[in-house]
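Some notes on the structure that comes next.
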Amino acid sequence: MGSSTGETPTAAEAARPGAGRSADAVVRRARGLLLTAQGPVALHTALGYSRHDPLAVTLTLRFPGGGPERRWVFARDLLDEGLRTAAGLSDVQVRTVDHDQLLIEMSRRSGYAALVLRSADVRAFLHHCDLAVPAGRESLRPCLDAFLSLLLP
């Protein structure tokens, strides 16, 4: 379920000094390894969260040598659950490989990708998300109002 939004900072923006939690957004760089048949490949990786879309997180990936960024948007709860047990039923599945690593598997009709992140990076990111909007207290009202305004101009 790859998606691109203008509200989530890019991996390059997340790399700037001082990037992190603000009133409306949380961004955290994470050490990411793409698993390939030739071996793991290091990626620039950032996790993003916005109060404007309180149930979702964005995973932004980019090769260190440049090229386009790729973004995946999925449920915030999926990351949290994946730290404890295997989670996900569809195009994004998350599970702990060992105590220190979280495996995120992303699939589409056109292919499959497996990414490993440090569990500590994900836990820290989710902690800052909880400071911005506590889990279970997300409000869908602003999202619903915006969606309905598009349907019913």
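The values are calculated or read from the model by the stated rules, or taken from the named source; none is laboratory data. Predicted, not measured: the structure shown is a model, and the values here were computed from it. For neighbour counting, all protein chains shown are included, and Cβ atoms are generated from backbone atoms with ideal geometry for every residue, glycine included. Heavy atoms of the whole protein, side chains included, go into the accessibility calculation; ligands, DNA and RNA do not. Shrake-Rupley method; radii C 1.70, N 1.55, O 1.52, S 1.80 Å.
For the range 26-75, residues that are of a type in the set (Asp, Glu) and at pLDDT 90 or above total 1. The conditions of being surrounded by 18 or more Cβ atoms within 10 Å (Cβ to Cβ) and among the acidic types (Asp, Glu) are not met by Asp130.
If only residues of the range 105-124 that are outside any strand (DSSP E or B) and among the charged types (D, E, K, R) are counted, the one that is nearest to Asp80 (Cα to Cα) is Arg123. A count restricted to the range 83-104 and to residues that are within 12 Å of the chain's Cα centre (by Cα) and part of a loop (DSSP other than H, G, I, E, B) stands at 0.
The set of residues from the range 31-84 being among the small types (Gly, Ala, Ser), open to solvent by 20 Å² or more (accessible area, probe 1.4 Å) and more than 21 Å from Asp100 (Cβ to Cβ) comprises Ala37, Gly65, Gly66, Gly67, Ala75.
Being modelled with pLDDT of 90 or more and not aromatic (Phe, Trp, Tyr) holds for only one residue in Ala146, Ala87, Ala132, and it is Ala87.
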